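Contents: one structure, followed by commentary.
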Amino acid sequence: MTVLYGVTLTVLAVAGLLTLLRLVRGPAALDRIMALDVLVTMVLAGTAVGMIARDDTTSAPVLVVVALLAFIGSVTAAHLIEKRKGMR
Amino acid sequence: MTVVRDVVTAVLLPAGAVFCLLGALGLHRFPDTVSRLHAAAKAQTLGVLLVLVGAAAQMSPRHAPVLLLVALFQLFTVPITSQIIARTAYRTHGLDRDRLLRDELGDRLARDGTPVDAGDGAGRDDDAER
C-alpha cells in the first residue's frame with residue numbers, strides 16, 4: 001500500500017506543478033484565481049492521502065476548514081474582479 | 001473486509017490522481033479562461049471525490065465521515081465557483097470568441113437589449129458602466 005500512496009502523491013504533485021505553472025503564467029487574474037482554487041483542492045487530496053499513509057487522522061477537520069476557505073476566497077476574488085470590469 | 005477496503009482504495013486513489021493530472025494538463029494547455037475552467041472543474045469534483053472516497057475507505061468509521069463531508073462540500077461549491085468565474089470571464093472578455101460556434105448568452109443579451117460588447121477589452125472605458 002505504501003507504493004500506492006507514493007504513486008498517488010507523485011501524480012498529485014505533478015498535477016500541482018502544472019497548476020502552479022498556470023498560476024504563474026496567468027494571463028488574466030481570473031486564471032490565477034482558478035489555478036489557486038485547483039491547487040488548494042489538490043493539496044486537500046494530497047493531505048487526505050498523507051493522512052491514511054501515516055495512519056493519523058487528527059488533521060481531518062482541517063480539510064473541512066481549508067475547503068470552506070478556498071470556496072469563500074475564490075468566490076470573493078472573482079466577484080471583486082467582476083466589479084472592476086475589464087481589468088487584466 | 002480489509003481486502004475489500006484495500007481494493008477500493010487501490011482502484012480509487014490512482015483513478016482520482018490521474019483525473020487530477022488530466023485536469024491540470026487541461027488547465028495548462030487549453031487556450032482561454034472558459035475552456036481552462038472546464039478542465040479545472042472536472043479535476044476539482046471527480047478527481048478529488050475519488051481520492052477522498054478512496055482515502056475514507058482506509059479510515060476508521062469515526063473519521064471517514066469527515067472526508068466524505070469534504071467530498072460532498074466540494075460537490076456543492078465547485079459548480080458555484082465555476083459559474084461565478086465563467087460569468088466574470090464572459091463579462092471581462094476571458095473567452096476567445098473566434099473559437100465559439102454559438103454564443104447563446106450573447107444572442108439572448110442582444111435580444112433583451114443589454115449586449116456585452118464583443119471587443120477584445122482593449123481601450124475600454126471601465127467607468128462607463130458603473
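Please work out if A:Leu21 is open to solvent by less than 40 Å² (accessible area, probe 1.4 Å), in contact with a helix residue (DSSP H, G or I) (Cβ under 8 Å, 6 or more places away or on another chain) and within 22 Å of B:Leu27 (Cβ to Cβ). Taking the combined requirement at face value, the residue does not satisfy it. If you check A:Ala35, A:Ala29 for being without any contact (Cβ under 8 Å) to a residue 24 or more places away in the chain, of a type in the set (Gly, Ala, Ser) and on the phi < 0 side of the Ramachandran plot, only one passes: A:Ala35. Scanning segment B:30-45 for residues that are without any contact (Cβ under 8 Å) to a residue 12 or more places away in the chain and surrounded by 24 or more Cβ atoms within 10 Å (Cβ to Cβ) gives a single hit, B:Arg36. One residue alone among A:Leu12, A:Leu4, A:Leu63 is outside any loop (DSSP other than H, G, I, E, B), within 8 Å of chain B (Cβ to nearest Cβ) and without any contact (Cβ under 8 Å) to a residue 12 or more places away in the chain, and that residue is A:Leu4.
Of the residues in segment A:47-62, not one is open to solvent by less than 50 Å² (accessible area, probe 1.4 Å) and closer than 30 Å to B:Thr88 by Cα. Entry remark, segment B:51-80: residues being closer than 18 Å to A:Glu82 by Cβ and touching a residue at least 12 places away in the same chain (Cβ under 8 Å) number 1 in total. Considering only residues in segment A:15-55 that are of a type in the set (D, E, K, R) and in contact with a Leu (Cβ under 7 Å, 6 or more places away or on another chain), the one that is nearest to the other protein chains (Cβ to nearest Cβ) turns out to be A:Arg22.
Whether a residue is in a helix (DSSP H, G or I) and open to solvent by 10 Å² or more (accessible area, probe 1.4 Å) was assessed, and B:Leu27 does not pass this test. One residue alone among A:Val75, A:Val43 is of a type in the set (A, V, I, L, M), modelled with pLDDT under 90, assigned to a helix (DSSP H, G or I) and open to solvent by 10 Å² or more (accessible area, probe 1.4 Å), and that residue is A:Val75. Residues in segment B:1-30 that are more than 10 Å from chain A (Cβ to nearest Cβ) and closer than 29 Å to A:Arg32 by Cβ: none.
The values are calculated or read from the model by the stated rules, or taken from the named source; none is laboratory data. Remember, predicted model here, so these are calculated numbers, not experimental data. Virtual Cβ from ideal backbone geometry, glycine too; neighbours counted across all protein chains shown. With ligands, DNA and RNA removed, areas are computed over all heavy atoms of the protein, side chains included. Shrake-Rupley method; radii C 1.70, N 1.55, O 1.52, S 1.80 Å.
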